[in-house]
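Engineer: A single structure is presented below for examination.
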Amino acid sequence: MIRSIEHVQLAMPAGEEEAARGFYRDLLGLSERPKPDHLAARGGCWFESDTVKIHLGVEQDFRPARKAHLALLVSELSALARTLSDAGVELVDDEPLDGYHRVYAYDPFGNRLELMEPTGV
């Protein structure tokens, strides 16, 4: 029986770890966790909090996930969206979804993330 998601992995191009840090660590506020030594040689970065784990792995023939995406529950969505917009991050509003305010953000590599805040919060 599936109980939860342990982590999500997204692809990124080789050599772009600093761009990943600028987005996932500096803008989204996730801490970087060192990759185990035997995996670190592959490149990429791991970003984690108590409840969210996003791993970025290098893909040689990289293509961004423009439709497939992960959805993150956030607080203070409007402030986060403003921070991302001020940093030049591509944001796209979508049709309303019952019970949520939401916006799509694209990481530096073009991967789509859905940022969702429950209404009434």
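Engineer: Which residue out of ARG63, ARG42, ARG82 is out of contact with any Phe, Trp or Tyr (no Cβ under 9 Å at 6 or more places or on another chain), among the charged types (D, E, K, R) and either more than 16 Å from GLN9 (Cβ to Cβ) or surrounded by 13 or more Cβ atoms within 10 Å (Cβ to Cβ) (or both)? Step through it out loud before you land on a result.
Structural biologist: Working: ARG63 fails: either more than 16 Å from GLN9 (Cβ to Cβ) or surrounded by 13 or more Cβ atoms within 10 Å (Cβ to Cβ) (or both); ARG42 fails: either more than 16 Å from GLN9 (Cβ to Cβ) or surrounded by 13 or more Cβ atoms within 10 Å (Cβ to Cβ) (or both).
It is ARG82.
Engineer: Give region 92-109 a look and list any residue that's within 26 Å of GLU16 (Cβ to Cβ) and surrounded by 15 or more Cβ atoms within 10 Å (Cβ to Cβ), or say none.
Structural biologist: Applying the first criterion (within 26 Å of GLU16 (Cβ to Cβ)) to region 92-109 yields 92, 103-109.
Matches in region 92-109: VAL103, TYR104, ALA105, TYR106, ASP107, PRO108, PHE109.
Engineer: Tell me, please, whether a residue that is in contact with a helix residue (DSSP H, G or I) (Cβ under 7 Å, 6 or more places away or on another chain), of a type outside the set (Val, Ile, Thr) and within 17 Å of THR83 (Cβ to Cβ) can be found in region 13-24.
Structural biologist: The first filter runs over region 13-24 and keeps only residues in contact with a helix residue (DSSP H, G or I) (Cβ under 7 Å, 6 or more places away or on another chain), leaving none.
Scanning region 13-24, I find no residue that is in contact with a helix residue (DSSP H, G or I) (Cβ under 7 Å, 6 or more places away or on another chain), of a type outside the set (Val, Ile, Thr) and within 17 Å of THR83 (Cβ to Cβ), so the answer is no.
Engineer: Considering only region 1-116, give the helices (runs of 4 or more DSSP H) lying wholly within it that have at least 1 residues that are at pLDDT 95 or above. If you could, list the steps in order and put the result at the bottom.
Structural biologist: Details: elements: 17-20, 37-40, 77-86.
Counting at least 1 such residues, we get 17-20, 77-86.
Engineer: From VAL74, VAL58, VAL8, which residue is closer than 19 Å to TYR106 by Cβ, surrounded by 16 or more Cβ atoms within 10 Å (Cβ to Cβ) and either touching a Leu at 6+ places or on another chain (Cβ under 7 Å) or of a type in the set (Gly, Ala, Ser) (or both)?
Structural biologist: Numbers: VAL58 fails: either touching a Leu at 6+ places or on another chain (Cβ under 7 Å) or of a type in the set (Gly, Ala, Ser) (or both); VAL8 fails: surrounded by 16 or more Cβ atoms within 10 Å (Cβ to Cβ).
Sole residue among the options that is closer than 19 Å to TYR106 by Cβ, surrounded by 16 or more Cβ atoms within 10 Å (Cβ to Cβ) and either touching a Leu at 6+ places or on another chain (Cβ under 7 Å) or of a type in the set (Gly, Ala, Ser) (or both): VAL74.
The values are calculated or read from the model by the stated rules, or taken from the named source; none is laboratory data. Predicted model only: the values in this text are computed from it and were never measured. Backbone-built Cβ (ideal geometry, glycine too); neighbour counts: all protein chains shown.
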